[in-house]
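Student: Supplied in structure tokens, the structure appears directly below.
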Amino acid sequence: MLNSNLLVKVKHLQIVLLSLLSLGACSLPAAPPAHMNIKEGFNVELIYTVPREEQGSWVSMCVDDRGRLIVSDQYGGLYRVTVPPPGHEGSAQVEKLEVNMGHCQGLLYAFDSLYATVNGKEHGGRGLYRLEDSTGDDQFDKITLLKKFQEQGGEHGPHAVVLGPDGKSIYVVVGDQTALPEYDVSRVPPVWQEDQLLPRIYGRGFMKGVLAPRGWIAKTDPEGKHWEIIATGFRNEYDAAFNREGELFTFDADMEWDLNTPWYRPTRVCHVVSGAEFGWRNGSGKWPVYYADSLPPVVDIGPGSPTGVCFGYGAKFPAKYQEAFYISDWSYGKLYAVHLKPKGSTYEAEFEEFLSGSPLPLTDLVVNPADESLYFAIGGRRVQSALYRVTYTGNESTERSLPNRAGAQQRALRHRLEALHASGHAEAVEVAWPQLKHADRFVRYAARVAMEHQDPAAWQEKALGEQDSDAALAGLMALARVGDKSLQPRILEALARIDYQKLSTDRKLELIRIFALTFIRMGAPDEAPRKELIARFDPVFPAHTRELNSELCMMMVYLQAPGTAAKGVALLEKAPTQEEQIDLARSLRLLRVGWTPTLAERYFSWFHKAAHYRGGASFGKFVAYIRNDALDRLSAADKLRLKPILDASPEPAIPTGFVAAMEILGARDFSKEWTVADLAPNLQSLQGRDFDRGRSMFGAVGCFNCHRFGTDGGSVGPDLTGAGGRFSARDLLESIIEPSKEISDQYGAITITMIDDTQIVGRIANLSGDGVSVMTDMYDPGQMQKVDRRQIKSIEPSKVSMMPSALLDMLKEQEIQDLLAYLLSRGDRNHAMFR
């Protein structure tokens, strides 16, 4: 719906590939730098095209003590690359290291050694290894296994190795297909559970049954003797890097099969602090970002496949780009520059596309201090691999940047609390307790984790008697997680004393979550407290936010509250997004009470509507899972009565693409073929607008199908949550009415012309060997068209946006103004425009 950068025109540069006849059995050509999009003032040069049959496909890289690169083939050995400095003649020299090591997805040169993580059964199997040169002949001849990892697994296994900011430790980054190894200390309280109030649902069943903790980062010493778990709850974070302040950041993966479901989480940058839990769980079990027992991301990026990351320190770049956090997206061929800004004890961020190509399967990147340049590799899954170098050629100063010390005091407070993330700290209660009511979520989280590491007997009475609601909530959450089950009645009593109506939305969500944790970890409530809770929550359900409705509906279903069927079905029918509808239907499937024949008919009729919704590869199976669970609770008589609805076939499938967008508006009359000139004069003052109607219009015109806004919507188009902070009402309007006027190369389509002159328009979303998967329809992101790369004649950017035009032509002017106000408000119904 919105071009992510209205100030920069896409470069319509054609990428010409060699024909099949000229390829023979040789490697495909690497992506030409001249045909990449790169930030103005920077230059990219192709350093080396990897002969695929001999040297494989490179996926990890580091710099040794002589400024040489060491790289690993994903399915082969190690290579050392010597590159002439910029401006010097000569070509890269590549030598194969004669050592029994390879299949490495992480490399680090430190402590006069090469550290390598093997992600495969070869070379000793999955684990962390240390390679040393014991004879001084510049060859690694000594290999030591420092830590053996779980042998079973796939690509989501051992990844990067990172030097700690103290210069005395290393950090290991591991995805969710590898269990925790034996460890000495865990900064994450080792009481991990799935923490699902209602049974989850599964799609295609990937990793079904694999339980937390998965996706983790650990710290060890150079000899690999002492292991400390730092954070858990990632999906597949491939790499990580420390900033100047010693704060760790990573780029975590999404689950693309979950697209357009309420539990889909985009790829995201995470601030990895001590004891962090980021809430990744399989199936529909991902924790929402608002769960107080987890931490939120710094910024969501969107669909993609995260690979290498690094900061720009040491590069001869302008200050802004020295300080940037660079993150690689393998699927869509994007290198982003993330600009972090201190916010309290953590950070907020904006990001921009720094470099891109299609295809450009980025795997790893490093700054080489020897020539002050940024290097990146492409490859992976046996696709054509190459090495590139980025330098700055513009006119801005490249003097060393100065660190931003903002937030130092708040970070120091968090660090003091994090020092208590182990048992046996007698001072922990005195130090941490006052911070349980801190306004900073990361400080409050660190304080609660410090409490959880101590014996509950030392602080449980304090938690049960706390009068401050913020401190009480944090303390009771800790007690629900680590306390004895016999405390449940007293925890429920303490929660009952907290005035729900006086809490902020965040604290209301936290209160409901604590009730849930109490039941999950300590058992279902007895009949009397169950009825008391129904009486407490029934008057506040439905609520005024989508998140509260989600949690309240789940809780009321768990409690089997009789009025939930009527309220839930009403919400289901009026919810403007498929994500919100699926979320409600998922909870209601397990409700056994309060169903009238009419309510049951309305609920099961929704599945005919849902049959036309589109999402990732698991989408249809998720909906089927919900329906089957709901059918299981029906009696034989209910099934007979509902047979006409249950047996009815859905209406013919809604066409995809532009026609689908028009079908969404099919029930509305044509209003006008709107132009920017028609609507712009009345955009000066968007006051007194209707928030709910604006949100409904966002769904009515199909925006939620492709765009994320808050916690709802797809992710194949730009995330619009923060659009109000970057664009004016006219900017937004222009991008809706004239989507092809300015096309962001971040979300633009490409046109692939085959040897037989047929054409395919879409976005490259995946690669494997010579196979290319192209997403041709933003309304149906799970459908991919397979293309044999050897049959491609040319690839060029499309001049037509994948977003349909004329989406507003079925709306009245007042509705359009409500829609724009909703976008500008960033989802805040208390914004001045709605007063």
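The values are calculated or read from the model by the stated rules, or taken from the named source; none is laboratory data. Note that the structure is a prediction, hence the values are computed from the model and not measured. Note that each Cβ is placed from the backbone with ideal geometry, even for glycine, and that neighbours are counted across all protein chains shown. Just so you know, the surface numbers come from the protein's heavy atoms only, side chains and all, with ligands and any DNA or RNA stripped out. Shrake-Rupley method; radii C 1.70, N 1.55, O 1.52, S 1.80 Å.
Student: Given Lys643, Lys574, Lys609, which one is modelled with pLDDT of 90 or more, open to solvent by 20 Å² or more (accessible area, probe 1.4 Å) and under 28 Å from Arg763 (Cβ atoms)?
Tutor: Values: Lys643 fails: under 28 Å from Arg763 (Cβ atoms); Lys574 fails: under 28 Å from Arg763 (Cβ atoms).
Result of the check over Lys643, Lys574, Lys609: Lys609.
Student: Take the conditions over 34 Å from the mean Cα position of the chain (by Cα) and either within 18 Å of Pro296 (Cβ to Cβ) or outside any loop (DSSP other than H, G, I, E, B) (or both) and apply them to Ala474. Does it pass?
Tutor: no
Student: Could you tell me which residue of the range 428-437 is nearest to the chain's Cα centre (by Cα), considering only residues that are surrounded by 24 or more Cβ atoms within 10 Å (Cβ to Cβ) and farther than 16 Å from Glu510 by Cα? Write out each step before concluding.
Tutor: As a first pass, look at the range 428-437 and keep what is surrounded by 24 or more Cβ atoms within 10 Å (Cβ to Cβ): 428, 432, 436.
Cutting the leftovers down to farther than 16 Å from Glu510 by Cα gives us 428, 432.
On the way: Ala428: 33, Ala432: 30 Å.
The extreme case among them is Ala432.
Student: Shifting gears a bit: Arg405 fails exactly one of the following numbered conditions: (1) modelled with pLDDT under 95; (2) of a type in the set (D, E, K, R); (3) closer than 21 Å to Cys62 by Cβ. What is the number of that condition?
Tutor: Only one criterion in (1) modelled with pLDDT under 95; (2) of a type in the set (D, E, K, R); (3) closer than 21 Å to Cys62 by Cβ is unmet by Arg405, namely (3).
Student: Within the range 273-287, can you find the residues that are open to solvent by 10 Å² or more (accessible area, probe 1.4 Å) and free of Cβ contacts under 8 Å to residues at least 60 places away in the same chain?
Tutor: Of everything in the range 273-287, just one residue is open to solvent by 10 Å² or more (accessible area, probe 1.4 Å) and free of Cβ contacts under 8 Å to residues at least 60 places away in the same chain, namely Lys286.
Student: Within the group Leu767, Leu807, Leu819, which residue is at pLDDT 80 or above and in contact with a Gly (Cβ under 9 Å, 6 or more places away or on another chain)?
Tutor: Working: Leu767 fails: at pLDDT 80 or above; Leu807 fails: at pLDDT 80 or above.
The conditions single out Leu819.
Student: Go over the candidates Glu547, Glu579 one by one and state the one that is open to solvent by less than 10 Å² (accessible area, probe 1.4 Å), within 18 Å of Lys286 (Cα to Cα) and charged (D, E, K, R).
Tutor: Only one candidate passes the filter, namely Glu579.
Student: Assess whether Arg382 counts as being of a type outside the set (Phe, Trp, Tyr), within 30 Å of Gly67 (Cβ to Cβ) and in a strand (DSSP E or B).
Tutor: Numbers: of a type outside the set (Phe, Trp, Tyr): yes; within 30 Å of Gly67 (Cβ to Cβ): yes; in a strand (DSSP E or B): no.
No; evaluated as a whole, the condition is false for this residue.
Student: Another question, if that's okay. Where in the range 120-174 are there strands (runs of 3 or more DSSP E), lying fully within it, with 3 or more residues that are more than 24 Å from Pro213 (Cβ to Cβ) and open to solvent by 30 Å² or more (accessible area, probe 1.4 Å)?
Tutor: Working: elements: 127-132, 142-148, 158-163, 170-174.
Qualifying strands (runs of 3 or more DSSP E): 142-148.
Student: Any residue at all in the range 591-604 that is in contact with an Asp or Glu (Cβ under 6 Å, 6 or more places away or on another chain) and either of a type in the set (Ser, Thr, Tyr) or open to solvent by less than 20 Å² (accessible area, probe 1.4 Å) (or both)? Don't jump to the end; show me each part of the working.
Tutor: Our first condition is that a residue be in contact with an Asp or Glu (Cβ under 6 Å, 6 or more places away or on another chain); within the range 591-604, this holds for none.
The answer is no; no qualifying residue exists.
Student: Moving on to the next point. What residue, among those in the range 438-457 that are open to solvent by 30 Å² or more (accessible area, probe 1.4 Å) and closer than 16 Å to Leu417 by Cβ, is nearest to the chain's Cα centre (by Cα)?
Tutor: Looking at residues that are open to solvent by 30 Å² or more (accessible area, probe 1.4 Å) and closer than 16 Å to Leu417 by Cβ, I get Arg441.
Student: Conditions first: (1) in a helix (DSSP H, G or I); (2) in contact with a helix residue (DSSP H, G or I) (Cβ under 9 Å, 6 or more places away or on another chain); (3) not aliphatic (A, V, I, L, M). Glu430 passes all but one, so which condition is the exception?
Tutor: For Glu430, the failing item is (2).
Student: Additional query: Inside the range 293-324, can you point out the residues that are closer than 30 Å to Gln435 by Cα and open to solvent by less than 10 Å² (accessible area, probe 1.4 Å)? Break it down stepwise before answering.
Tutor: First, pick out the residues of the range 293-324 that are closer than 30 Å to Gln435 by Cα: 293-300.
Answer for the range 293-324, where residues must be closer than 30 Å to Gln435 by Cα and open to solvent by less than 10 Å² (accessible area, probe 1.4 Å): Asp293, Ser294, Leu295.
Student: Would you mind telling me which numbered condition in (1) under 16 Å from Ala765 (Cα atoms); (2) open to solvent by less than 10 Å² (accessible area, probe 1.4 Å) Arg789 fails?
Tutor: It fails just one condition, (2).
Condition check ((1) crowded, with 23+ Cβ neighbours inside 10 Å; (2) in a helix (DSSP H, G or I); (3) of a type outside the set (Val, Ile, Thr); (4) at pLDDT below 80) across all residues:
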| position | (1), (2), (3), (4) |
| --- | --- |
| Tyr779 | yes, no, yes, yes |
| Gly782 | no, no, yes, yes |
| Met802 | yes, no, yes, yes |
| Gln814 | no, yes, yes, no |
| Asp828 | no, no, yes, yes |
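Student: Shifting gears a bit: Within the range 371-382, is there a residue that is open to solvent by 60 Å² or more (accessible area, probe 1.4 Å), of a type in the set (Asp, Glu) and at negative phi?
Tutor: No, the range 371-382 has no match at all.
Student: With Trp227, Trp216 as the choices, which residue is surrounded by 15 or more Cβ atoms within 10 Å (Cβ to Cβ) and within 24 Å of Asp329 (Cβ to Cβ)? Break it down into steps so the answer makes sense when it comes.
Tutor: Numbers: Trp227 fails: within 24 Å of Asp329 (Cβ to Cβ).
Step by step, each of Trp227, Trp216 is checked, and only Trp216 is surrounded by 15 or more Cβ atoms within 10 Å (Cβ to Cβ) and within 24 Å of Asp329 (Cβ to Cβ).
Student: Exactly one condition in (1) surrounded by fewer than 22 Cβ atoms within 10 Å (Cβ to Cβ); (2) modelled with pLDDT of 95 or more; (3) over 11 Å from the mean Cα position of the chain (by Cα); (4) of a type in the set (A, V, I, L, M, F, W, C) is false for Val338; which is it?
Tutor: Status for Val338: all satisfied but (1).
Student: Determine the pairs where a residue that is farther than 11 Å from Leu591 by Cα and assigned to a helix (DSSP H, G or I), located within the range 619-636, has a partner that is open to solvent by 50 Å² or more (accessible area, probe 1.4 Å) and at pLDDT 95 or above with Cβ atoms under 6 Å apart, the partner being 6 or more residues away or on another chain.
Tutor: none
Student: Starting from the range 494-515, take each residue that is in contact (Cβ under 8 Å) with a residue 40 or more places away in the chain and surrounded by fewer than 20 Cβ atoms within 10 Å (Cβ to Cβ) and list its partners that are aromatic (Phe, Trp, Tyr) and outside any helix (DSSP H, G or I), counting only C-beta distances under 7 angstrom and pairs at least six apart or across chains.
Tutor: Sorted first by the residue in the range 494-515, then by its partner, the pairs are Asp506/Tyr290.
Student: Here's another thing I want to ask about it. Does the range 233-272 hold any residues that are in a strand (DSSP E or B) and under 30 Å from Gln581 (Cα atoms), and which are they?
Tutor: Applying the first criterion (in a strand (DSSP E or B)) to the range 233-272 yields 240-242, 248-252, 267-272.
Matches in the range 233-272: Phe251, Asp252, Thr267, Arg268, Val269, Cys270.
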